[in-house]
1. So which of Ala27, Ala20, Ala11, Ala15 is of a type in the set (Gly, Ala, Ser) and within 26 Å of the chain's Cα centre (by Cα)?
2. Would you mention how many residues in the range 435-448 are surrounded by fewer than 24 Cβ atoms within 10 Å (Cβ to Cβ) and farther than 16 Å from Met173 by Cβ?
3. Residues in the range 43-70 that are under 22 Å from Lys33 (Cβ atoms) and surrounded by fewer than 16 Cβ atoms within 10 Å (Cβ to Cβ): how many?
4. Test each condition in (1) hydrophobic (A, V, I, L, M, F, W, C); (2) modelled with pLDDT of 95 or more; (3) buried (at least 16 other Cβ atoms within 10 Å of the Cβ) for Phe385 and report the one that comes out false.
5. Kindly check whether there is at least one residue in the range 347-361 that is free of Cβ contacts under 8 Å to residues at least 60 places away in the same chain and closer than 23 Å to Val232 by Cα.
6. If you take the residues in the range 255-311 that are among the hydrophobic types (A, V, I, L, M, F, W, C) and free of Cβ contacts under 8 Å to residues at least 40 places away in the same chain, which one is surrounded by the fewest Cβ atoms within 10 Å (Cβ to Cβ)?
7. Here is a check on your reading of the model: is Gly289 on the phi > 0 side of the Ramachandran plot and in a loop (DSSP other than H, G, I, E, B)?
8. crowded, with 21+ Cβ neighbours inside 10 Å, out of contact with any Leu (no Cβ under 7 Å at 6 or more places or on another chain), touching a residue at least 12 places away in the same chain (Cβ under 8 Å) and under 16 Å from Ser372 (Cα atoms): does that describe Gly240?
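The values are calculated or read from the model by the stated rules, or taken from the named source; none is laboratory data. Note that the structure is a prediction, hence the values are computed from the model and not measured. Methodologically, a virtual Cβ is constructed for each residue, glycine included, from the backbone with ideal geometry; neighbour enumeration extends over all protein chains shown.
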Amino acid sequence: MLLPQNLVKEALWKASSTGADYAEVFAEYTNQKNISMVASKVDKIADGIISGVGIRIFKGTRCVHGSTSSFSPEAILACAQKVADALSGAREMETITLRERRFGDIHPIRIVPASVENATKIDLLREASETAKNYHSDISQVTASFLDVDHNIMIATTEGLLAEDRQIRTRMMVNAVASKNGENQTGYHAPGARMGMEFYETFDPKSVGEEAARQAMVMINAGYIPAGKMPVAIGNGFGGVIFHEACGHGLEASSVALGQSVFAGKLGEQIANPKVTAIDDGTIPNGWGSINIDDEGTPSQKNVLIENGILKSYMIDKLNGRRMGMASTGNCRRQSYIYEPTSRMTNTFIAEGSDKNDDIIASIEYGLYAKSMGGGSVNPVTGDFNFAVNEGYIVRNGKICEAVRGATLIGKGAEILKDIDMVGQNLERAQGMCGSSSGSIPTDVGQPMIRVSSITVGGR
């Protein structure tokens with residue numbers, strides 16, 4: 001245990017002594033390593049430790065959160081008192097009995113990253129970096145990084161819960177720049193998993209560098225796409241970032257409970273094309289965004305958000321569940337003890353459909369194939385989004401033709417759900433970091449190839 005039980009019980013009692021009806025102690029000890037490389041040479045090796053305690057109380061739907069970076073009893077009890085002082089009142093306290101619960105671990109770790117020397121990690125990273133650099137003479141710059149995280153948490157509550165989880169993740173990232181005629185284009189590839197160093201036995205690190213360089217070379221030789229409204233086929237994997245950003249955030253209780261989502265109050269309604277089924281599943285073994293328990297100690301689960309176009313569920317934490325009169329779905333997450341936790345995604349994706357990928361492309365007389373998506377911006381209240389296409393191709397007469405650059409997809413999340421009229425069969429997930437009010441957390445996005453019948457494509 002990160003903290004002694006007697007200290008935890010005293011902190012819970014003190015935090016709830018002024019009338020709170022729920023108190024929670026969240027302790028964290030995280031070890032992380034980041035190795036960065038420029039031009040196949042090590043640029044930086046950074047080792048970091050994050051440790052501390054967050055204390056939170058509820059009174060009805062009012063919430064107070066505080067934190068301390070110290071594990072000392074004095075600091076923890078002082079933090080609990082400050083949190084309690086935000087309320088005025090008193091509560092006749094009952095004895096707090098903590099019952100340790102173990103929820104199991106479906107994410108086996110065979111090689112803990114901390115047990116492996118830096119030299120081994122550097123060799124893997126150099127393989128990826130040099131492969132990217134040697135891919136073509138037009139590759140002018142390669143940056144690469146290696147990440148491993150060992151995240152340990154303990155949660156205790158006045159409801160009697162005492163639980164722990166250990167989350168180990170690894171990831172490799174390569175960014176390649178292609179230069180030609182005074183222009184630059186980039187390619188990026190960054191696989192990750194809730195695994196130890198055995199993750200690097202599941203693929204050749206050279207493939208990471210090769211994919212980043214390939215994408216950069218495709219785009220440096222691409223022309224520009226003309227703007228207009230057209231059908232678009234969006235590729236699998238990171239193509240799911242559009243659902244994640246434009247729709248997923250609108251299905252989090254932090255937006256829904258406050259009426260700041262276009263999907264609020266629509267449970268049971270048809271909000272998407274009947275071909276669309278969307279899922280948030282934190283129980284996928286070794287998934288990048290997977291968790292055994294969330295940051296309130298609720299077991300993770302598979303949540304079907306949309307089934308055949310019908311809105312079935314939201315992603316809910318305890319506080320917003322109170323506001324909505326609904327139970328937690330195991331989706332409460334935070335970057336660290338410093339942040340107040342709230343409802344967040346885990347591994348969120350559009351499920352496979354019945355359409356064949358070849359048929360999706362063949363159905364487009366003239367349009368865009370967005371093979372790989374990039375970043376963008378979203379208004380979480382309205383669902384308006386604008387996303388860059390990292391790798392795109394014109395589709396003519398049902399065939400993928402020349403590569404094009406500068407494409408963006410512009411629309412509304414609620415509308416795109418209805419305009420997805422074909423869903424393919426090659427589901428793939430991709431890894432990313434999702435930033436929101438409770439910090440940056442690891443999440444998977446994903447989908448098979450889909451077709452959007454009509455969407456505005458920005459270009460020239």
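1. Selected residue: Ala27, the only one of Ala27, Ala20, Ala11, Ala15 that is of a type in the set (Gly, Ala, Ser) and within 26 Å of the chain's Cα centre (by Cα).
2. Of the residues in the range 435-448, 6 are surrounded by fewer than 24 Cβ atoms within 10 Å (Cβ to Cβ) and farther than 16 Å from Met173 by Cβ.
3. Qualifying residue count for the region: 8.
4. Of (1) hydrophobic (A, V, I, L, M, F, W, C); (2) modelled with pLDDT of 95 or more; (3) buried (at least 16 other Cβ atoms within 10 Å of the Cβ), only one is false for Phe385: (2).
5. The answer is yes; a qualifying residue exists.
6. By that ranking, first place goes to Val304.
7. Answer is no for this residue.
8. yes
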